[in-house]
1. Given 348, 364, which one is surrounded by 14 or more Cβ atoms within 10 Å (Cβ to Cβ), in a helix (DSSP H, G or I) and either modelled with pLDDT under 85 or of a type in the set (Lys, Arg) (or both)?
2. Could you tell me whether residue 260 is part of a helix (DSSP H, G or I), out of contact with any Ser or Thr (no Cβ under 8 Å at 6 or more places or on another chain), closer than 22 Å to residue 230 by Cα and in contact (Cβ under 8 Å) with a residue 24 or more places away in the chain?
3. Does residue 132 fit the bill of being open to solvent by 10 Å² or more (accessible area, probe 1.4 Å) and in contact with a helix residue (DSSP H, G or I) (Cβ under 6 Å, 6 or more places away or on another chain)?
4. Restricting attention to region 182-194, does a residue exist that is among the basic types (Lys, Arg) and crowded, with 20+ Cβ neighbours inside 10 Å?
5. Does at least one position in region 135-145 carry a residue that is open to solvent by 50 Å² or more (accessible area, probe 1.4 Å), aromatic (Phe, Trp, Tyr) and out of contact with any His (no Cβ under 9 Å at 6 or more places or on another chain)?
6. For region 385-418, enumerate the residues that are within 27 Å of residue 272 (Cα to Cα), open to solvent by 10 Å² or more (accessible area, probe 1.4 Å) and of a type in the set (A, V, I, L, M).
7. How about region 1-52: which of its residues are acidic (Asp, Glu) and in a loop (DSSP other than H, G, I, E, B)?
8. Looking at (1) outside any helix (DSSP H, G or I); (2) farther than 19 Å from residue 268 by Cβ; (3) open to solvent by 70 Å² or more (accessible area, probe 1.4 Å), find the lone condition where residue 199 falls short.
Amino acid sequence: MKEKEVGSSFHDNLAWMDQHLPVEASFDLIKREIEIGGRNAAFYFIDGFMKDEAMLKLLDSMMKIKPEDMPERILEFSAKCIPYVEVEILHQFDQVMKNMFSGVTCLFIEEYEGCIAIDCRTYPARGVEEPETDKSLRGSRDGFVETVVFNTAMMRRRIRDPHLIMKMESVGKSSKTDVVICYMEDRVDSKVLQVVTERVEGLTLDDMKMNQQTLAEALFRRKWFNPFPKFKYTERPDTATACLLEGKIVMLVDNSPSALILPTSILDMIEEANDYYFPTLTGIYLKVSRAIITVLTVFLTPVFLLMMQNLNWLPKVFAFVAVKDMVNIPLIFQLLILELAIDGLRLAALNTPSMLSTPLSVIAGLVLGEFSVQSGWFNSEVMLYMAFVAVANYTQPNFELGYALKFMRLMLLVLTALLNWIGFLIGMILVFCAVAFNKTLSGRSYLRIRRN
């Protein structure tokens, strides 16, 4: 769309708007023509985005204006005759279209050169309840929602400092999605901020249909063979504000109930809000225990497979872990089948109605677990270790990191089954390289600990 100026001809302005807007075809695009101070005027707005009570009061106020009281310039009219706070004068039609599709009411008045944008919009939004997947035993119970203005307000409520900057950008040729870059001006790394800002401003996307995931992939095109996430996500405003105060950058995307945090490291990924709501000793214990469990989720089953392939390496103290009952399926296939089965149960749980999730979980746990061992498909030891791995994955809140660790575990299992201890050693090296050489958006190593 060409950048055409809004002229002083009222009929030409309305003709351009009617030509580019499907007012007749779309029921929610409203054109309302009235008379203000003896002059023709027209409102353009989207039904459902406007506060009816506020608009009724504005119309009542403007329709009482007499012809002799009409100011000569549009700026004077917006200042004296519109009793509302958020009012702006637009001089280009592309700005008019962008604002109108964002929910802003646009007003054209005869003999005035420009368009008056009245921001009396409201968005459909759910309550700011606590997120389902990022809960805390203590602290606030609010969470981000799909409306970006509400999300910025929740962070501004916690940081009452003029150094908190929230810069809004429009991304996507078709969607024109609002993206907000939040940072503390006196604490942020200026080089990282410059890189992020330049990349966001230089994006040439047609749309952002997948919200933050589309933005993340466009900002940093990671290599497909390294599954470790580049960004940290959170749905908690308190976590986002804590990261801002640490000098990090928080990005919010309209229609997405989570914040994207960068730069980040592997230690940031396994942190959660509970670590900060408890005394220091308790918080350290939680962090250490979570880190140990995270390591065990990767190496427990591969080490078990390695020991079973080399029973002479197994110390007598741990002789009880050896497989007692022999079944027809080799250990490696048992482990791989159970890895797939766990994902199948997880997907089934996501698509199961909430009223049926509990009984179906009991059936899956008792029937599948018990009878798969009795039928000779799996060893009870294998079932035990895979059950630990399945539960331990939920000790850290990052979903992408959980699957990255799963892929590392699968690689270790396959290499150990094929090459024995040599394969296990190669897998260890590959896991370390995948973590160590994973660069974040700032170009720093994934293992680097940020010093505040």
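The values are calculated or read from the model by the stated rules, or taken from the named source; none is laboratory data. These figures come from a predicted structure and were not determined experimentally. Here the Cβ is made from the backbone with ideal geometry for all residues, glycine too, and neighbour counts use every protein chain on show. Heavy atoms of the whole protein, side chains included, go into the accessibility calculation; ligands, DNA and RNA do not. Shrake-Rupley method; radii C 1.70, N 1.55, O 1.52, S 1.80 Å.
1. Working: 348 fails: surrounded by 14 or more Cβ atoms within 10 Å (Cβ to Cβ).
Among 348, 364, only 364 is surrounded by 14 or more Cβ atoms within 10 Å (Cβ to Cβ), in a helix (DSSP H, G or I) and either modelled with pLDDT under 85 or of a type in the set (Lys, Arg) (or both).
2. On the way: part of a helix (DSSP H, G or I): no; out of contact with any Ser or Thr (no Cβ under 8 Å at 6 or more places or on another chain): yes; closer than 22 Å to residue 230 by Cα: yes; in contact (Cβ under 8 Å) with a residue 24 or more places away in the chain: yes.
Here the answer is no, as residue 260 does not meet what is asked.
3. Working: open to solvent by 10 Å² or more (accessible area, probe 1.4 Å): yes; in contact with a helix residue (DSSP H, G or I) (Cβ under 6 Å, 6 or more places away or on another chain): no.
Answer is no for this residue.
4. Applying the first criterion (among the basic types (Lys, Arg)) to region 182-194 yields 187, 191.
Then drop every residue that is not crowded, with 20+ Cβ neighbours inside 10 Å, which leaves none.
Looking for residues that are among the basic types (Lys, Arg) and crowded, with 20+ Cβ neighbours inside 10 Å, one finds none in region 182-194, hence no.
5. To start, the set of residues in region 135-145 that are open to solvent by 50 Å² or more (accessible area, probe 1.4 Å) comprises 135, 137-138, 141.
Among the residues that remain, those that are also aromatic (Phe, Trp, Tyr) are: none.
Looking for residues that are open to solvent by 50 Å² or more (accessible area, probe 1.4 Å), aromatic (Phe, Trp, Tyr) and out of contact with any His (no Cβ under 9 Å at 6 or more places or on another chain), one finds none in region 135-145, hence no.
6. 387, 390, 391, 405, 408, 410 - these are the residues of region 385-418 that are within 27 Å of residue 272 (Cα to Cα), open to solvent by 10 Å² or more (accessible area, probe 1.4 Å) and of a type in the set (A, V, I, L, M).
7. From region 1-52, those acidic (Asp, Glu) are 3, 5, 12, 18, 24, 28, 33, 35, 47, 52; that's our starting set.
If the condition is that a residue be acidic (Asp, Glu) and in a loop (DSSP other than H, G, I, E, B), then 3, 24, 28, 47 are the ones that fit.
8. Here residue 199 clears every test but (1).
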